[in-house]
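Written below as structure tokens is the structure these notes are about.
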Amino acid sequence: MSVAILGAGVSGLVAARRLRERGIEVELLEGDDHPGGLCRSDTVDGHVLDRAGGHIVFSKSEKAMRYYHELFADEPEGAMVKNERHTRILLGGRFVPYPFENGLAALPVELRARCLEGLVRATLARAAGARKPASFGDWIGWRVGEAISDAFMTPYNRKIWKLDDLNEMGIDWVDGRVPDAPLSDVVRSALGQTTVGYAHQAVFWYPRRGGFQAITDRIARSLAGRIRLGVRVTDVARAGGRFRVNGQSYDAVISTIPMPALARVTEGLDGATSDAASGLRSIGVASFLFGIAGEDVKPYSWVYLPEADQGPANRVTYLSNYSPENAPSGRGSIVAEVTHRGRLDVDGAYVASLRRALARHGLFRDEQVTVTAWRDNQHAYIHFARDFVERRRQAIAGFESFGLLPLGRFGRFNYYNTDLCILEALELADRLADRLAGAS
């Protein structure tokens, strides 16, 4: 039995590894020159750059955490670095703890009072039966009130999603992705007591060497000879009870490439499925590395930038804080993330403007920058349009009915972090292995 896996990002690699453990032959087709997908990292003059921004290793799932750590079981203790999360929002020159509702004590008194009052009013309105809105822009005010919406939630989300009107987005994705602090925590925070949001991220891990790509490189080691690099998928078709990919025959096909791209190359796919998949849209992210002075590195994991005059970046990560080997001795690094729709035109002037904006707001000293590099990713985030859920449902059902197995963040348009990608890939691989074993 043989399985083609389209794409060698973390989802495809994990699925391939598990299938081989189950005795199934696999072949991964990867268009890039190295496996890893959104987990790819580069090293520029000794500074690590995670191509899709700052990744971290964390999970509510013990199974996922065990998988991560077992990848490094043959290395000496310390192959992964343990970090405490210190996350901030740079607002009005103040570094406000994140999530915002847990950091109200850092705000000026008047703004703090307005935020608390607005949240209480929103809570009482929901308790009195205020209906949950169907669009994200309206949902923000319904959930956190007008002041928190105006101060942080609306400007930040406009920046990251690159939308003036957040009501173009639905709300099906918000659970688990948008912090939901209990009212008691918010009140205590406003009174100056420390409260912690997103407790499952309070501690995270990161590879000591090689950037986040060390995770996928470890998985790829067990797949030597089974990954074909620089191979673009040009045609997928059914051939009797089997499948043909780029002219080669397989018993099954797992696809982690974006569903719109899969629809374009799949012969015989019905029009409804093709239309549904083609309407699914993604948002890109460009990651900009700046090598900075060690004394300019602030004691934060990452910092959110909601204000327009802070420049186009929505978030920066002090990546040199994640591992002592992410930058040369005495130096540090910061990675700025800029989301975009369509093509982002980057030239020297753009990079210089971004750099000046970050320096102007005190994130580092401009004259101390010695290294600059950037990487772009066309597919990084999902656009949650109002019709997203139905389009996604119809596309997945159509591909599965055709016999293809979508998997991963853009293979299924699941807004998953790496841990959930791993768990989903393990589950799919086991189901497929059982099915193929029964057919043999």
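The values are calculated or read from the model by the stated rules, or taken from the named source; none is laboratory data. Please read all numbers here as calculations on a predicted model, not as lab measurements. Backbone-built Cβ (ideal geometry, glycine too); neighbour counts: all protein chains shown.
Answer yes or no as to whether PHE95 is buried (at least 17 other Cβ atoms within 10 Å of the Cβ), at pLDDT below 95 and either outside the structural domain of LEU432 (by TED's automatic domain parsing) or under 27 Å from SER255 (Cβ atoms) (or both). Considered against the rule, which asks whether it is buried (at least 17 other Cβ atoms within 10 Å of the Cβ), at pLDDT below 95 and either outside the structural domain of LEU432 (by TED's automatic domain parsing) or under 27 Å from SER255 (Cβ atoms) (or both), PHE95 comes out as no. Restricting GLY342, GLY330 to residues that are of a type in the set (Gly, Ala, Ser) and at pLDDT below 95 narrows the list to GLY342.
Any residue at all in segment 324-333 that's of a type in the set (Ser, Thr, Tyr), free of Cβ contacts under 8 Å to residues at least 40 places away in the same chain, farther than 30 Å from GLY31 by Cβ and part of a loop (DSSP other than H, G, I, E, B)? Yes: one or more hits. Within segment 243-282, being surrounded by fewer than 17 Cβ atoms within 10 Å (Cβ to Cβ), of a type in the set (Ser, Thr, Tyr) and within 15 Å of GLY403 (Cα to Cα) holds for one residue alone: SER249. Every test in (1) more than 28 Å from ARG218 (Cα to Cα); (2) in the same structural domain as LEU319 (by TED's automatic domain parsing); (3) surrounded by 18 or more Cβ atoms within 10 Å (Cβ to Cβ) is passed by ARG360 save one, and that test is (3).
Restricting attention to segment 133-154, and to residues there that are touching a residue at least 60 places away in the same chain (Cβ under 8 Å) and surrounded by fewer than 18 Cβ atoms within 10 Å (Cβ to Cβ), which single residue is farthest from the chain's Cα centre (by Cα)? Lay out the reasoning, then the answer.
Taking segment 133-154 as the starting set, the residues that turn out to be touching a residue at least 60 places away in the same chain (Cβ under 8 Å) are 134-136, 151-152.
Add one more test, that the residue is surrounded by fewer than 18 Cβ atoms within 10 Å (Cβ to Cβ), and what stays is 134-135.
Values: ALA134: 24, SER135: 22 Å.
Filtering first and then ranking leaves ALA134.
ARG343 meets the conditions (1) farther than 18 Å from LEU163 by Cβ; (2) in a loop (DSSP other than H, G, I, E, B); (3) among the basic types (Lys, Arg) in every case but one. The failed one is (1). Only one of the numbered conditions (1) modelled with pLDDT of 95 or more; (2) among the small types (Gly, Ala, Ser); (3) over 25 Å from ARG315 (Cα atoms) is not met by GLY78, and that is (1).
Which of the residues belonging to segment 324-347 are of a type in the set (Gly, Ala, Ser) and either surrounded by 21 or more Cβ atoms within 10 Å (Cβ to Cβ) or within 11 Å of VAL285 (Cβ to Cβ) (or both)?
If the condition is that a residue be of a type in the set (Gly, Ala, Ser) and either surrounded by 21 or more Cβ atoms within 10 Å (Cβ to Cβ) or within 11 Å of VAL285 (Cβ to Cβ) (or both), then ALA327, GLY332, SER333, ALA336 are the ones that fit.
Screening segment 197-242 for residues that are among the β-branched types (Val, Ile, Thr) and surrounded by fewer than 15 Cβ atoms within 10 Å (Cβ to Cβ) and picking the one that is modelled with the lowest pLDDT gives VAL203.
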